[in-house]
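Below: one structure, written as structure tokens.
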Amino acid sequence: MEMDAIKIKIVQDILNVQDASILTEIEEVLKMNKSSVSAKSLDPMTAEELTSRVEESMADYKAGRVKSSQELLKKYDQ
């Protein structure tokens, strides 16, 4: 799954979260990662690339190729 498709999926999932503690955990992970990601490394993409990434993301989701927020937090907990 490409990066922008992952971002779109994450945004979709976040919009459905109803538990404030989960949102707080997501915010903490983002803060930890923010210092390691440079804005310069993010390249713009075409609309076609974005559409392709969304479709790939949705296929991954339907096929069960996803991780829970708890799994991600364990992986990136520092």
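The values are calculated or read from the model by the stated rules, or taken from the named source; none is laboratory data. Small disclaimer: the values here were computed from a predicted structure and weren't measured. Methodologically, a virtual Cβ is constructed for each residue, glycine included, from the backbone with ideal geometry; neighbour enumeration extends over all protein chains shown.
Table for the structure above
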item: Condition met for I26 (surrounded by 14 or more Cβ atoms within 10 Å (Cβ to Cβ), modelled with pLDDT under 90 and assigned to a helix (DSSP H, G or I)); result: yes
item: K62 being exposed (fewer than 10 other Cβ atoms within 10 Å of the Cβ), modelled with pLDDT of 90 or more and over 16 Å from E2 (Cβ atoms); result: yes
item: Single residue of the range 1-19 satisfying the filter (within 12 Å of R53 (Cβ to Cβ) and of a type in the set (D, E, K, R)) that is farthest from the chain's Cα centre (by Cα); result: E2
item: For S21: the one exception among (1) modelled with pLDDT of 85 or more; (2) surrounded by 13 or more Cβ atoms within 10 Å (Cβ to Cβ); result: (2)
